[in-house]
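Colleague: The structure that follows is given in the form of structure tokens.
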Amino acid sequence: MIGAAVDLVGEPAVADRLRGVARARAADVAHLWRRLGAVERRVRKAVEKAADDDGSPLDPHRGLYLTDEAVRRVLDQPVQPPLHPPAAVAEPERSDLRLTRLARDFRLFPLDVELLLVSIAPDVDARFESLYAYLNDDVRRRRATVGLALRLCGAPVAGPGRFRLSATSPLVAGGLVVVETPENPALARPLRVPDRVVAHLLGDDALAPEVAAFARVVAPRGEPESELVGRLADALSGGARALHLRDPAGDAGPIAVAALASSGWDALVVDPVALADQDHPALAETVREARLRGAGLVLGPLEPLLPQRVRLLRELAARAEGVPLLLHGAGHWDPRWSPRPVVPVPVPSPAPDRLAARWTEALGGDPGFLPDLAGYRLGAEELDRAVAVAEGLAAVQGGPVGLAHVRAGVRAQNGAGLDRLARRIVPSVGWDDVVLPAHTRKQLTELVMRARHRERVLGEWRMRPGGGRGRGVVALFAGESGTGKTMSAEVVAAEIGMDLYVVDLSTVVDKYIGETEKNLERIFTEAAGVHGVLLFDEADAVFGKRSEVKDAHDRNANVESAYLLQRVESFDGIAVLTTNLRSNVDEAFTRRIDVIADFPVPDAEQRRALWERCLAPALPRADDVDLAFCAERFELAGGSIRACAITAAYLAAAGDRPVTMADLVDAIHQEYRKLGRLVLESEFGPWLAPG
């Protein structure tokens, strides 16, 4: 088999590692069989003594039990092949053997090891089933009982040895031995070793199915060791066993894995979402798996477990005594979540050059669009998933991975939590779809620039230090209705490669005191975990001016505004506020806003451009269409022009003909009435139909 592996792999280093693994497993099995050989000798003596003591005549019910002759035939059977390992296998140092490591990691006494060997014997050698049934004087009990195990180990059944099989003993509490049928008398309870423990001692490292449902073994990424990883590794080597890494950027998982690897531990990573979905999670088996592997437990982010499933966190922390437990999440650690003292450790955000290196590594080279990815705040695992989605999309479309694929992969990482509080819009417009004055376009360009480079300016260069200030970017779009504020927010989201989340203020504002703040807090919290632009349309409904306190209503309104002032300043995402009247927004909010863009009513030239864009190229036009006339005569905002174009298209479709100038004028006439404007026939010219 080793030779076949070498031929397939073709790497001498890999082949040497496979040979080393094979030798180690053979040595572990050989050591286990030698220890079981000692158990077999004790069983033989017990059988011989039982046979000598049994002088009774033949029992008429002899078919229901094993006779002395039948037992002796079992003893005379040749030893099974695995009992004697090949002589060529050299046994390594005893400290490297699995049974020895298991005794050390589970803190077993020598008597515990002997009890474990007695219990495991029927699982690796079928002869012990018959022998134990004979010694138990019951063909149905084919495993060692508590009393039989103690006798075979030379421990008095009434002595302290029996407590090595109590519920709190290392064997039972650690999940190495299961004491079954608790309704039986204590000495008559059979002992069983779980299949995973048997497989481990025989060299199998596959996760048990109940553990694999929410945990996996993760190898370190091979990144250069950072200062934080080194400090965590030193703490683990010095005896620290419970740490909480607070990392809003979601990068703490790989850091925890790297710290465990640097301190000589494997990493068993627990998925909190999958753990919370389990009806009866195998927490004891998970801790046992970590001890069997010599691994630490990594659990996070913790938010899916809080606060409803915090019981799982407490139980896991209580069971994992002595096992390195590295927890991580975006929030602060609450000491009530664990019966063990947990050391909180803040995780700094990765520098932009490190993020660029991760993108380069994940994409397999330096892409030309790397600068366009600077605005994303992704952890290492989330980045890998985004690239995997991008590669899948590129494969479906039959081309190389491009910026659009990567952006779609990033958006695919957004959870659905914010969808319940806001309307998600996947941007489908660009700069060419909006008609704006030069100064407004410049402000939008500045907003995009701030969104892309905020990690370097606000994080690495610390241009917004202290005071609980976040690294968010907040913009205010002010202008009359229909001047392009919402569409411009969609253009900004498209430019930085994010989704647009439009907050429905009708679901936010509540007549009951304090409920509006709670709704807004849920929105801000969910928005911090997605890659999107948060849009508060008609924001002056919640970001309005504070007033002089004359009654309780004024006081509560001012409390709401004060909360928003603090929350906007600590926000870590990208938010856009729109208002029809800039003077309605409190000046304190204006001070906390990074970019203010004014959207004036378009002039005649801009209206002409808007008419051209709103009448799509696929829409057939009659020869009499005069867009210059429409732009000069009718002062309409972009939203109204778009509504007129759609109305004219419906009129043309109903008549099964191209759009005519009469259709456009009729649509404008309807829009004027909808807006409550005065309709003058002289203004509409000869195309206005009577009535």
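Colleague: Rounded, prolate or oblate: pick one for region 410-500, where a ≥ b ≥ c are the square roots of the eigenvalues of its C-alpha gyration tensor, a/c under 1.5 means rounded, and failing that, prolate if a/b is larger than b/c, else oblate. Working shown, then result.
Modeller: Details: a/c = 1.85, a/b = 1.22, b/c = 1.51.
Because a/c hits 1.5 or more and a/b fails to exceed b/c, region 410-500 counts as oblate.
Colleague: Something else about it: Let me know the shape class of region 169-244, please: from the alpha-carbon gyration tensor, a ≥ b ≥ c as square roots of the eigenvalues, rounded when a/c is under 1.5, otherwise prolate if a/b is greater than b/c, or oblate.
Modeller: Numbers: a/c = 3.49, a/b = 2.14, b/c = 1.63.
Note, shape of region 169-244 comes out prolate.
Colleague: Student exercise: in the chain, how many lysine pairs 8 or more apart or on different chains have Cα atoms under 25 Å apart? Mind dumping the intermediate values first?
Modeller: Details: 442/485; 485/545; 485/674; 511/545; 511/550; 518/545; 518/550.
Summing the qualifying lysine pairs gives 7.
Colleague: Project the alpha carbons of region 316-389 onto their principal axes and report the range along each, largest first, in whole Å.
Modeller: Extents along the principal axes: 51, 20, 18 Å.
Colleague: I need the phi-derived Karplus couplings for region 420-429: 6.51 cos²θ - 1.76 cosθ + 1.60, θ = phi - 60°, integer Hz, Gly and Pro marked x.
Modeller: Here the 3J(HN,Hα) series is 6, 10, 8, 8, 8, 10, 7, x, 9, 10 Hz.
Colleague: Can I ask one more? Per residue and in Å³, how big is the convex hull formed by the alpha-carbon atoms of region 452-531?
Modeller: 138 Å³
Colleague: OK, next. Take the alpha carbon atoms of region 503-517, find their center, do the same for region 610-683, and report the distance between the two centers in whole angstrom.
Modeller: 39 Å
Colleague: Against the globular-protein guess of 2.2 N^0.38 Å, express the Cα radius of gyration of region 112-169 as a ratio, rounded to two decimals. Please list the in-between numbers first.
Modeller: Details: Rg = 11.3 Å, N = 58, 2.2 N^0.38 = 10.3 Å.
In units of the globular-protein estimate, region 112-169 measures up at 1.10.
Colleague: Right, something else. Please report, as a whole percent, how much of the solvent-accessible surface of the chain comes from carbon and sulfur atoms (probe radius 1.4 Å).
Modeller: On the way: 18310 of 34000 Å².
That fraction is 54 percent.
Colleague: Please report, for the Cα atoms of the chain, the Rg to one decimal and the Dmax as a whole number; what are they, in angstrom?
Modeller: Spelled out, the Cα radius of gyration and Dmax of the chain are 36.6, 129 Å.
Colleague: Now, a different point. Heavy atoms of the protein only, probe of 1.4 Å, neighbouring chains included. What is the accessible area of residue 428 in Å², nearest 10?
Modeller: For residue 428, the solvent-accessible surface is approximately 100 Å².
Colleague: Across the Cα atoms of region 151-200, what radius of gyration and what greatest pairwise Cα-Cα distance (Dmax) are found, in Å?
Modeller: Rg and Dmax of region 151-200, Cα atoms, are 11.4, 32 Å.
Colleague: Oh, and also: Calculate, in nm to one decimal, what residue 95 and residue 308 gain on full extension: separation in residues at 0.36 nm each, minus their alpha carbon distance.
Modeller: Computed gain between residue 95 and residue 308 is 72.4 nm.
Colleague: Additional query: Round to the nearest 10 and report in Å² the accessible area of residue 71, as given by a 1.4 Å probe over the protein chains' heavy atoms.
Modeller: 10 Å²
Colleague: In addition: In terms of solvent-accessible area of protein heavy atoms at a 1.4 angstrom probe, what is the ranking of 511, 518, 674, highest value first?
Modeller: 511, 674, 518
Colleague: Is the shape of region 229-384 rounded, prolate or oblate, going by the alpha carbon gyration tensor and its root eigenvalues a ≥ b ≥ c, with a/c under 1.5 for rounded and a/b larger than b/c for prolate?
Modeller: Numbers: a/c = 1.95, a/b = 1.66, b/c = 1.17.
Prolate, because a/c is 1.5 or more and a/b exceeds b/c.
Colleague: Sorted by packing (mean other beta-carbon atoms within 10 Å per residue), highest first, where do 662-672, 391-401, 406-416 land?
Modeller: Values: 662-672: 21.5, 391-401: 13.5, 406-416: 18.8.
Top of the packing list down: 662-672, 406-416, 391-401.
Colleague: So what's the gap between the Cα centers of region 216-255 and region 188-213, to the nearest angstrom?
Modeller: The two parts, judged by their Cα centres, are 29 Å apart.
Colleague: Using a 1.4 Å probe, what is the accessible area per residue for the chain, in Å²? Could the numbers behind the result be given before it?
Modeller: On the way: 34000 Å² over 691 residues.
On a per-residue basis, the chain sits at 49 Å².
Colleague: Output the relative contact order of the chain, whole-number percent, from Cα pairs under 8 angstrom with separation of 6+ residues.
Modeller: Details: 985 pairs, mean separation 56.5, N = 691.
Contact order relative to length: 8 percent.
Colleague: Right, something else. Quick check on the chain: helices-only [θ] at 222 nm, where DSSP H runs of length 4 and up contribute -39,500 (n - 2.57) each and the sum goes over total residues. Nearest 500, please.
Modeller: Numbers: 28 runs with 322 residues, N = 691.
-14500 deg cm²/dmol, from helical runs alone.
Colleague: Once you keep just the Cα pairs under 8 angstrom separated by 6 or more residues, what percentage relative contact order results for region 242-318? Kindly include the intermediate steps, with their values, before the conclusion.
Modeller: Values: 61 pairs, mean separation 26.3, N = 77.
Across region 242-318, relative contact order equals 34 percent.
The values are calculated or read from the model by the stated rules, or taken from the named source; none is laboratory data. Since we're looking at a predicted model, the values are computed, not measured. Because the Cβ atoms are built from the backbone with ideal geometry, glycine has one as well, and the counts that use them run over all protein chains shown. All accessible areas refer to the heavy atoms of the entire protein, side chains included, with ligands and DNA or RNA removed. Shrake-Rupley method; radii C 1.70, N 1.55, O 1.52, S 1.80 Å.
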